[in-house]
1. Give the residue that is surrounded by the most Cβ atoms within 10 Å (Cβ to Cβ), with candidates limited to residues of segment 165-216 that are under 17 Å from the mean Cα position of the chain (by Cα) and part of a strand (DSSP E or B).
2. Got a number for residues in segment 133-152 being surrounded by 16 or more Cβ atoms within 10 Å (Cβ to Cβ) and under 16 Å from residue 101 (Cα atoms)?
3. Considering (1) within 16 Å of the chain's Cα centre (by Cα); (2) open to solvent by 10 Å² or more (accessible area, probe 1.4 Å), say which one residue 221 fails and leave the rest.
4. Select, from 141, 158, 150, the only residue that is at pLDDT 80 or above, over 19 Å from residue 213 (Cα atoms), hydrophobic (A, V, I, L, M, F, W, C) and part of a helix (DSSP H, G or I).
5. Quick check, is residue 136 outside any helix (DSSP H, G or I), among the aliphatic types (A, V, I, L, M), at pLDDT 85 or above and closer than 20 Å to residue 190 by Cα?
Amino acid sequence: MNGYNHYRIGSYLLIGFAPLLILAAVLTDPQEYMQSPFLMLSATCFIGGGFLFALSGDKPIDAWLAGRLSVQGIPTLGHIIRDMGGSGPAVFLPPESEGGRVTQFTSTRSDYRSFAAEGGGFAYHNGSTGILTPPLAAPLLDDLKNDNDLALPKDYSLLMGAIREVCEETLSVTEWMDIRRDGDRVIFTLHNYLLFSGCASLHADSPEFCMLCPCSICSLIACMIAEGLGCEVSLNRTALDDADRSLRVELSCAFAGKSSLPA
């Protein structure tokens with residue numbers, strides 16, 4: 001069985017799991033404050049499944065369709081996160097132990113702090129109350145590790161090479177990638193980006209959702225850095241350039257104390 005079939009099986013499992021989470025939300029007592037987290041996880045499964053399905057064909061998928069599939073459900077998930085008080089950029093937290101997973105933390109607005117303290121589905125990080133969820137790229141990253149033997153180097157330069165290889169060759173979502181570091185910021189530019197049409201439609205709808213729930217590719221890059229270097233990563237901003245259909249992703253990384261980083 002080739003890697004594309006693994007992607008398709010993974011997409012079926014994720015999409016099939018989404019209705020079960022919706023059912024759990026329906027059956028949950030609203031007073032327990034778990035309906036929104038269940039709905040949010042359901043949307044995450046559906047979006048991740050749709051993205052894996054876009055990668056599952058043996059024949060190249062139409063770029064416009066792939067772009068649309070890559071952002072399906074993100075506005076819905078963004079509305080759920082915003083309704084739960086989510087505000088500001090998502091922060092990707094490194095695994096707490098060997099073999100653990102990257103998690104995504106979104107802080108909540110101050111007027112939601114008392115509500116969050118009373119119910120479940122909320123977490124605390126660095127003194128802030130927020131929403132802790134799996135990143136949209138979690139199933140994709142798992143598949144890359146299992147089916148493509150992806151290893152995440154702990155050295156900065158080697159890790160950047162691995163990110164470039166995944167985006168340019170393994171997933172073929174960009175013709176070529178430019179990576180530049182400026183202090184604690186790392187800026188990625190994906191030229192002739194395959195999923196450009198989806199990003200353009202999402203930006204036209206609401207650029208805020210790119211910060212609240214980064215799409216699978218932005219999420220994948222952030223997850224690879226968070227896990228590889230063991231540091232927190234947040235998405236500062238994204239920008240599109242119609243001239244060469246490029247996506248520019250600016251990430252902030254907590255590089256303090258990382259001796260493997262170049263000066």
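1. Top of the filtered list is 190.
2. Looking only at that region, the number is 13.
3. Evaluating residue 221 over (1) within 16 Å of the chain's Cα centre (by Cα); (2) open to solvent by 10 Å² or more (accessible area, probe 1.4 Å) leaves (2) as the failure.
4. Unique residue meeting the criteria: 158.
5. The answer is yes for residue 136.
The values are calculated or read from the model by the stated rules, or taken from the named source; none is laboratory data. Small disclaimer: the values here were computed from a predicted structure and weren't measured. We place every Cβ from the backbone using ideal geometry, glycine too, and count neighbours over all the protein chains shown. The accessibility values were calculated without ligands, DNA or RNA, using every heavy atom of the protein model including side chains. Shrake-Rupley method; radii C 1.70, N 1.55, O 1.52, S 1.80 Å.
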